[in-house]
1. Considering Val206, Val197, which residue is part of a strand (DSSP E or B), more than 20 Å from Arg116 (Cβ to Cβ), of a type outside the set (Phe, Trp, Tyr) and open to solvent by 30 Å² or more (accessible area, probe 1.4 Å)?
2. Output the residues belonging to region 111-146 that are touching a Leu at 6+ places or on another chain (Cβ under 7 Å) and within 20 Å of Ile63 (Cα to Cα).
3. Return the residue satisfying two criteria in turn: it lies in region 269-288 and is open to solvent by less than 10 Å² (accessible area, probe 1.4 Å) and aliphatic (A, V, I, L, M), and of such residues it is nearest to Glu172 (Cα to Cα).
4. Every residue in region 209-233 that is of a type in the set (Asp, Glu) and part of a loop (DSSP other than H, G, I, E, B), please.
5. Counting only residues that are part of a helix (DSSP H, G or I) and among the β-branched types (Val, Ile, Thr), which one in region 1-33 is farthest from Lys45 (Cα to Cα)?
6. Filter region 36-74 down to residues that are of a type outside the set (Ser, Thr, Tyr) and either assigned to a loop (DSSP other than H, G, I, E, B) or modelled with pLDDT under 95 (or both), then give me how many there are.
7. Open to solvent by 30 Å² or more (accessible area, probe 1.4 Å) and out of contact with any Phe, Trp or Tyr (no Cβ under 9 Å at 6 or more places or on another chain), is that true of Leu51?
8. Are any of the residues in region 92-107 over 21 Å from His139 (Cβ atoms), open to solvent by 40 Å² or more (accessible area, probe 1.4 Å) and of a type outside the set (Asp, Glu)?
Amino acid sequence: MATMTIAKAINEGLRASLASDPKTLLMGEDIGELGGVYRVTDGLKKDFGALRVVDSPLAESGIIGTAIGLALRGYRPICEIQFDGFVFPGFNQITTQLAKLRTRSDGMLSAPVVIRIPYGGGIGSVEHHSESPEALFAHTAGLRIITPSNPQDAYWMIQQAVTCEDPVIVFEPKRRYWLKGEVDTSAPAGDPFSAHVLRRGTDATVVAYGPLVPVALAAAAAADEDGRSIEVIDLRSISPIDFDTVTESVTRTGRLIVAHEAPTFGGIGGEIAARISERAFLSLESPVIRVGGFHMPYPVARVEEQYLPDIDRILEALDRAFAY
């Protein structure tokens with residue numbers, strides 16, 4: 001057992017993957033000498049060499065395209081997209097090529113490519129550095145999408161992504177890179193595509209993922225002071241979604257709040273709301289309520305705190321649910 005930040009946990013997970021399989025390699029902008037903008041890959045080039053920790057040109061389409069070719073030749077490339085808003089030059093390669101190779105080849109080919117994307121806001125940065133584009137990728141069949149919210153998951157989920165035969169996008173909550181927690185390096189966290197119940201409750205369920213999990217837990221603790229027992233679920237996997245865990249919870253609590261940083265319009269919360277309304281309609285005491293970003297371009301740094309969902313917005317959603 002060791003105490004790590006999320007960034008350090010990912011670093012150690014990448015180190016373990018590189019050490020266990022000589023055909024695993026890292027690719028990305030400034031990941032070698034610099035160790036990445038957030039130093040997540042710090043020290044890996046020194047220990048594994050420039051042929052396995054590759055500083056790429058500033059060309060996301062080239063990074064993804066090269067990774068697809070390497071995967072088809074038996075390698076397991078791990079790509080880093082420096083910031084969430086930089087992924088779009090590679091979007092075509094990801095959605096029209098990488099996601100479709102297994103189906104296109106009738107199962108004869110696999111493309112075990114991992115794409116790491118630091119995402120979300122809260123870092124006071126400029127345009128294209130604080131996006132939450134997960135729903136755009138979740139809409140494309142053939143991609144697995146996961147997002148850790150704590151160091152334990154970060155350490156194990158990156159390794160499990162590397163060993164998966166399908167392409168996996170790992171959305172890393174960049175404003176939580178420095179969040180510390182205990183990591184048990186001797187026992188994996190289980191299925192990376194399943195949700196975890198982090199807090200048991202009886203009156204309502206709050207589902208969150210990635211950067212909003214700590215906010216959801218804080219809101220549940222605040223609601224407890226008002227006599228409301230709130231269950232909190234960390235979704236962990238965005239595609240596939242573990243609807244069984246969410247359904248079981250809502251069947252008991254009767255209310256559901258879904259929270260994410262991305263805009264609610266067209267977001268993952270809408271899919272969860274629709275599915276739970278179909279699966280647990282007779283158990284619901286109120287409509288499923290979504291909490292998320294506004295349907296607008298991500299704002300400038302000086303007003304981003306008004307954009308990002310916070311404890312008060314989750315508590316307000318709970319008030320609305322209990323008012324029915």
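1. Answer to the selection: Val197.
2. The answer is Ala111, Val113, Phe137.
3. Filtering region 269-288 for residues that are open to solvent by less than 10 Å² (accessible area, probe 1.4 Å) and aliphatic (A, V, I, L, M), the one nearest to Glu172 (Cα to Cα) comes out as Ile272.
4. Passing the criteria: Glu225, Asp226.
5. Step one: list which residues in region 1-33 are part of a helix (DSSP H, G or I), which gives 6-20.
Pick out the ones that are also among the β-branched types (Val, Ile, Thr) and you get 6, 10.
Working: Ile6: 20, Ile10: 15 Å.
Across region 1-33, the extreme among qualifying residues is Ile6.
6. Just the residues of region 36-74 that are of a type outside the set (Ser, Thr, Tyr), to begin with: 36-37, 39-40, 42-55, 57-60, 62-65, 67-74.
Narrowing the set further to residues that are either assigned to a loop (DSSP other than H, G, I, E, B) or modelled with pLDDT under 95 (or both) leaves 36-37, 39-40, 42-43, 49-52, 57-59, 73-74.
The number of residues fulfilling the criteria is 15.
7. Numbers: open to solvent by 30 Å² or more (accessible area, probe 1.4 Å): yes; out of contact with any Phe, Trp or Tyr (no Cβ under 9 Å at 6 or more places or on another chain): yes.
When the stated conditions are applied, Leu51 passes them.
8. yes
The values are calculated or read from the model by the stated rules, or taken from the named source; none is laboratory data. The structure presented is a predicted model; accordingly, all values stated were derived computationally and were not measured. Here Cβ is always computed from backbone atoms with ideal geometry, including for glycine, and neighbour counts include all displayed protein chains. Surface accessibility is based on the protein's heavy atoms, side chains included, excluding ligands, DNA and RNA. Shrake-Rupley method; radii C 1.70, N 1.55, O 1.52, S 1.80 Å.
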